[in-house]
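Everything on this sheet refers to the single structure shown next.
The values are calculated or read from the model by the stated rules, or taken from the named source; none is laboratory data. What you are looking at is a predicted structure, and each value in this text was computed from that prediction instead of being measured. Quick reminder, even Gly has a Cβ in these numbers, built from the backbone with ideal geometry, and neighbours come from all protein chains shown. Ligands, DNA and RNA are excluded from the accessible area calculation, which covers all protein heavy atoms including side chains. Shrake-Rupley method; radii C 1.70, N 1.55, O 1.52, S 1.80 Å.
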Amino acid sequence: MEQQYDKKLLREIAHQLREGTVSDEQQAYFDQWYVQHEDELLELPEGYAEDSLVIRDRMHSNLMDAVKLAEAPSKKAFILWTKFIAAAVFLVVIGTVFYVNRRNFLSTSVPVSQLADVVAGSNKAILTLADGKKITLTDVSKGKISEQAGVQISKTRGGQVIYQVVGQQNNASNSYNTIETPNGGQYQVILPDGTKVWLNAASKLTYPVSFTGRARREVTLGGEAYFEVAKDKSHPFLVESSGQEVEVLGTHFNISSYKEEPHTKTTLLEGSVKIRSAKGNAVVLKPNQQAELNGDHLQVKEVKAAYAVAWKDGYFMFNNENLETVMTRIARWYNVQVEFKDEAAKGGTYFGTISRYEDIAKVLKMLSRTELVTFELEGNTIKINKKK
């Protein structure tokens, strides 16, 4: 059943979008509504080489009709509007912004028909217990999985792993578990202190079976995860990842720390976090700030935090990124390899949002509408060429 949306609230959010004062929660609500209605809101003629301001004008007009807003925005508002409705459609920017109808994407002649067998990622992970036993979480039924040192481990119907204290905790804080997702996998775990962790594809989290008796709640991350840390002022929560340590008391943040990527990025959504590099350099983040670790240098910048955690909510959200970065995320989630036949194809500037659960063929067809690159599949490898 299609979700029902509050039109009054949508009108209010639309005004805030124009003013640039929308919150992440409001943005997500509006984006979800727009994605459901994009076909009726965005009607473009065949082809896409139309003046971008004309297209933005038309899109804005249709949006205003949809939420019953009559007043026309200023030219400045067009810029703000374009920035904040990226999740409405997947849009690609190479010099000029092009908005393309989804029906046009599907009619493109890019040779990706073989990609029908490539499916999006899903809830997949392996849990390794303190005794070394490995449990494939996709294969076990909901309910109790194991009990270790007075801590019960269960799987919920929704695909979460939950740790609960059920008895005397003998040496539980000295026993460690690891949950690891493959390419094409994701999973959520609720730690013994109530902290919620969402793991992205190709990620690994190691943590004690219990935090009881520990002065600090310490975990180790490889890959990417979003944390909602349970508040406990007496016991700081620490995340160790490649080259850095993040310390919090109770807050929401995202860490991306893949070995194959040059930088570790920590993005704060609420509260505050302290980040220390391996050599002791430190910064404190405020909401909507991101720390980027380059070597031992920590650089802080203002960001839209929604971009960093879009994966958790089921979206690819790209913001001023080149094709190499875009394809790295796509490859990790769809569990495919990517080969650039032409180094020049790695560049460009890409903005936009699309569901992570769309067929990969649709994603590549959208990217190909720039008419700057072509895609073909050989085995499990997507080969990308600069279009002649």
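Return only the number of the condition from (1) part of a strand (DSSP E or B); (2) open to solvent by less than 60 Å² (accessible area, probe 1.4 Å) that Val284 does not satisfy.
(2)
Regarding Val273, is this residue under 13 Å from the mean Cα position of the chain (by Cα) and within 17 Å of Thr195 (Cβ to Cβ)?
Numbers: under 13 Å from the mean Cα position of the chain (by Cα): no; within 17 Å of Thr195 (Cβ to Cβ): yes.
Criteria not met by Val273.
If I filter segment 323-350 down to residues being in contact with a Phe, Trp or Tyr (Cβ under 6 Å, 6 or more places away or on another chain) and of a type outside the set (D, E, K, R), which single residue comes out as nearest to Leu377 (Cα to Cα)?
Val326
Quick one: which of Gly223, Gly194, Gly213 is at positive phi and assigned to a strand (DSSP E or B)?
On the way: Gly194 fails: assigned to a strand (DSSP E or B); Gly213 fails: assigned to a strand (DSSP E or B).
Among Gly223, Gly194, Gly213, only Gly223 is at positive phi and assigned to a strand (DSSP E or B).
Tell me the residue from Gln290, Gln299 that is farther than 27 Å from Gly185 by Cβ, touching a strand residue (DSSP E or B) at 6+ places or on another chain (Cβ under 7 Å), modelled with pLDDT of 90 or more and part of a strand (DSSP E or B), please.
The conditions single out Gln299.
When the residues of segment 357-367 are narrowed to those that are in contact with a Phe, Trp or Tyr (Cβ under 6 Å, 6 or more places away or on another chain) and either without any contact (Cβ under 8 Å) to a residue 12 or more places away in the chain or open to solvent by less than 20 Å² (accessible area, probe 1.4 Å) (or both), which ends up farthest from Asn335 (Cα to Cα)?
Of the residues in segment 357-367, the ones in contact with a Phe, Trp or Tyr (Cβ under 6 Å, 6 or more places away or on another chain) are 360, 364-366.
Narrowing further to those that are either without any contact (Cβ under 8 Å) to a residue 12 or more places away in the chain or open to solvent by less than 20 Å² (accessible area, probe 1.4 Å) (or both): 360, 364, 366.
Numbers: Ile360: 11, Leu364: 15, Met366: 19 Å.
So, considering only residues that are in contact with a Phe, Trp or Tyr (Cβ under 6 Å, 6 or more places away or on another chain) and either without any contact (Cβ under 8 Å) to a residue 12 or more places away in the chain or open to solvent by less than 20 Å² (accessible area, probe 1.4 Å) (or both), the one farthest from Asn335 (Cα to Cα) is Met366.
Mind listing just one residue for me: the one in segment 203-215 that is of a type in the set (A, V, I, L, M, F, W, C) and crowded, with 23+ Cβ neighbours inside 10 Å and, of those, nearest to Asn123 (Cα to Cα)? Quick ask: steps written out before the conclusion?
Of segment 203-215, the ones of a type in the set (A, V, I, L, M, F, W, C) are 205, 209, 211, 215.
After this cut, where a residue has to be crowded, with 23+ Cβ neighbours inside 10 Å as well, the list is 205, 209, 211.
Details: Leu205: 15, Val209: 22, Phe211: 26 Å.
Filtering segment 203-215 for residues that are of a type in the set (A, V, I, L, M, F, W, C) and crowded, with 23+ Cβ neighbours inside 10 Å, the one nearest to Asn123 (Cα to Cα) comes out as Leu205.
So Thr374 fits all but one of (1) assigned to a strand (DSSP E or B); (2) in contact (Cβ under 8 Å) with a residue 40 or more places away in the chain; (3) of a type outside the set (Asp, Glu); (4) open to solvent by 60 Å² or more (accessible area, probe 1.4 Å); what number is the exception?
(4)
Only one of these is open to solvent by 40 Å² or more (accessible area, probe 1.4 Å), under 23 Å from Lys124 (Cα atoms) and in contact with a Lys or Arg (Cβ under 7 Å, 6 or more places away or on another chain): Glu228, Glu247, Glu260. Name it.
Values: Glu247 fails: under 23 Å from Lys124 (Cα atoms); Glu260 fails: in contact with a Lys or Arg (Cβ under 7 Å, 6 or more places away or on another chain).
Glu228 is the lone residue from the list that is open to solvent by 40 Å² or more (accessible area, probe 1.4 Å), under 23 Å from Lys124 (Cα atoms) and in contact with a Lys or Arg (Cβ under 7 Å, 6 or more places away or on another chain).
Please specify each residue of segment 152-164 satisfying the condition of being touching a residue at least 24 places away in the same chain (Cβ under 8 Å), surrounded by fewer than 17 Cβ atoms within 10 Å (Cβ to Cβ) and outside any loop (DSSP other than H, G, I, E, B).
Correct list: Gln164 only.
When Glu218 is evaluated against the numbered criteria (1) open to solvent by 40 Å² or more (accessible area, probe 1.4 Å); (2) touching a residue at least 40 places away in the same chain (Cβ under 8 Å); (3) not hydroxyl-bearing (Ser, Thr, Tyr), which criterion, by number, is the only one it fails?
Of everything listed in (1) open to solvent by 40 Å² or more (accessible area, probe 1.4 Å); (2) touching a residue at least 40 places away in the same chain (Cβ under 8 Å); (3) not hydroxyl-bearing (Ser, Thr, Tyr), Glu218 misses just condition (2).
Take Lys388 and decide whether it is surrounded by 20 or more Cβ atoms within 10 Å (Cβ to Cβ) and over 30 Å from Thr266 (Cα atoms). Please lay out each step first, then the result.
Values: surrounded by 20 or more Cβ atoms within 10 Å (Cβ to Cβ): no; over 30 Å from Thr266 (Cα atoms): yes.
In short, no.
Taking only segment 311-335 into account, find how many residues are farther than 19 Å from Leu372 by Cα and either open to solvent by 30 Å² or more (accessible area, probe 1.4 Å) or touching a Ser or Thr at 6+ places or on another chain (Cβ under 7 Å) (or both). Walk me through it before giving the result.
Narrowing segment 311-335 to residues farther than 19 Å from Leu372 by Cα: 311-317, 329, 331-335.
Keeping just the survivors that are either open to solvent by 30 Å² or more (accessible area, probe 1.4 Å) or touching a Ser or Thr at 6+ places or on another chain (Cβ under 7 Å) (or both) gives 312-317, 329, 335.
Selection size over segment 311-335: 8.
Does Ser234 qualify as being open to solvent by 10 Å² or more (accessible area, probe 1.4 Å), part of a loop (DSSP other than H, G, I, E, B) and not β-branched (Val, Ile, Thr)?
Working: open to solvent by 10 Å² or more (accessible area, probe 1.4 Å): yes; part of a loop (DSSP other than H, G, I, E, B): yes; not β-branched (Val, Ile, Thr): yes.
Spelling it out, Ser234 is indeed open to solvent by 10 Å² or more (accessible area, probe 1.4 Å), part of a loop (DSSP other than H, G, I, E, B) and not β-branched (Val, Ile, Thr).
Contact list please: Cβ distance under 6 Å, first residue in segment 132-149 and over 15 Å from Thr178 (Cα atoms) and in contact (Cβ under 8 Å) with a residue 40 or more places away in the chain, second residue open to solvent by 40 Å² or more (accessible area, probe 1.4 Å) and not charged (D, E, K, R), pairs at least six apart or on different chains.
Ala149/Gln169; Ala149/Asn170; Ala149/Asn171
Suppose the filter is basic (Lys, Arg) and touching a helix residue (DSSP H, G or I) at 6+ places or on another chain (Cβ under 8 Å); does Lys346 pass it? Full working, then the answer.
Values: basic (Lys, Arg): yes; touching a helix residue (DSSP H, G or I) at 6+ places or on another chain (Cβ under 8 Å): yes.
Judged against the criteria, Lys346 is a match.
Which condition does Glu324 not pass, out of (1) more than 23 Å from the chain's Cα centre (by Cα); (2) not in a strand (DSSP E or B), if it passes all the others?
Going through (1) more than 23 Å from the chain's Cα centre (by Cα); (2) not in a strand (DSSP E or B) one by one, Glu324 breaks only (1).
Would it be correct to say that Lys265 is open to solvent by 20 Å² or more (accessible area, probe 1.4 Å) and part of a loop (DSSP other than H, G, I, E, B)?
The answer is no for Lys265.
So in segment 331-356, with the set limited to residues that are of a type in the set (D, E, K, R) and touching a residue at least 12 places away in the same chain (Cβ under 8 Å), which one is nearest to Ala310 (Cα to Cα)? Reasoning before the result, please.
Pass one, segment 331-356, residues of a type in the set (D, E, K, R): 332, 339, 341-343, 346, 356.
Okay, now just the ones that are also touching a residue at least 12 places away in the same chain (Cβ under 8 Å), so 332, 339, 341-342, 346, 356.
Values: Arg332: 15, Glu339: 25, Lys341: 29, Asp342: 30, Lys346: 23, Arg356: 10 Å.
Out of the qualifying residues, it is Arg356.
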